[in-house]
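Trainee: Sending over a structure as structure tokens; questions will come in a sec.
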Amino acid sequence: METKELTCIGCPMGCQISVDIENGTVVSVKGNSCKIGDNYARKEVVSPMRIVTSSVAVLSDKNAHPSNEVHYPRVSVKTASEVPKDKIMDVMDEIHRTHAVAPVKIGDIILQNVAGTGVAIIATKNS
């Protein structure tokens, strides 16, 4: 049996959690003070997922091109839901290769199906 030690990020408590794993299956979770910690630990050791945040350039209009340097300040973006942890670099690569067109509103979809994850990249502020 293998034991993994984690610090829970599910709530502000930051519980120290021990997860016992046997043959790729979680056998027990100890140290969590709430159900969020149990759920977090089970997901983290089997299939870790993350929300990704970044920013993209905002161009003045749809005919502008990023190389023209005609853009507004960057707009913050995030994944609409969690993506597999091992896909984070692929997600970031796609985010860095894209741009938005002004005006941008909170919740606008900037990219669909980023890195083949089925998850959209959305704006988190108006620009």
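Trainee: Skipping prolines and chain starts, which residues have an amide H placed within reach, meaning under 5 Å, of the one on Asp108, given they are 5 or more residues away or on another chain?
Mentor: Excluding prolines and chain starts, which carry no amide H, the hits are Ala123.
Trainee: Mind putting together the pair-distance distribution for region 2-46? All Cα pairs, 5 Å bins, whole percent per bin, short to long.
Mentor: 5, 29, 39, 18, 7, 2, 0
Trainee: For Ser76 and Met89, calculate 0.36 nm times their separation in residues minus their Cα-Cα distance, and state this gained length in nm to one decimal.
Mentor: 2.9 nm
Trainee: Under 5 Å between amide hydrogens, which residues at least 5 positions from Met49 or on another chain qualify, with H placed 1.01 Å from N in the peptide plane?
Mentor: Here Lys85 satisfy the definition.
Trainee: I've got another one for you. How would you rank Thr98, Thr53, going from fewest to most other Cβ atoms within 10 Å of each one's own Cβ?
Mentor: Thr53, Thr98
Trainee: Which entry in [x] 1.14; [y] 0.93; [z] 0.96 is this structure's computed Rg/Rh (Cα atoms, Kirkwood Rh)?
Mentor: This structure yields the entry labelled [x].
Trainee: Taking θ as phi - 60°, what are the ³J(HN,Hα) couplings along region 91-103 by the Karplus curve (6.51, -1.76, 1.60), each to the nearest whole Hz, with x for Gly and Pro?
Mentor: Running phi through 6.51 cos²θ - 1.76 cosθ + 1.60 with θ = phi - 60° gives 4, 4, 4, 5, 4, 5, 8, 10, 8, 10, 10, 5, x Hz.
Trainee: Would you pull out the residues with amide H under 5 Å of Val119's amide H, same chain only if 5 or more places away, H placed 1.01 Å from N?
Mentor: Hits under the 5 Å cutoff: Asn113, Val114.
Trainee: So what's the back-of-envelope 222 nm ellipticity for the chain, counting only DSSP H runs of four-plus at -39500 (n - 2.57) apiece and dividing by all residues, rounded to 500?
Mentor: -5000 deg cm²/dmol
Trainee: Separate question: Sum up the lysine pairs in the chain that clear both bars: alpha-carbon distance under 25 Å and a spacing of 8 or more or different chains.
Mentor: 21
Trainee: For Glu5 paired with His96, estimate the spin-label separation in nm (one decimal), with each label point 7 Å from Cα along the Cα-to-Cβ line.
Mentor: That separation, rounded to one decimal, is 3.4 nm.
Trainee: So what's the angle, to the nearest 10 degrees on a 0 to 90 scale, between helix 35-46 and the longest Cα principal axis of the chain?
Mentor: Computed tilt is about 80 degrees.
Trainee: Now for a different question. So if each residue of separation counts as 0.36 nm, and I subtract the Cα-Cα distance between Lys43 and Ser28, what length gain in nm does that give?
Mentor: 4.1 nm
None of the figures in this text is laboratory data; all of them are computed from the coordinates on show. All figures in this text were calculated on a predicted structure; none of them were measured in a lab. No Cβ is skipped: glycine too gets one built from the backbone with ideal geometry, and neighbour counts run over all protein chains shown.
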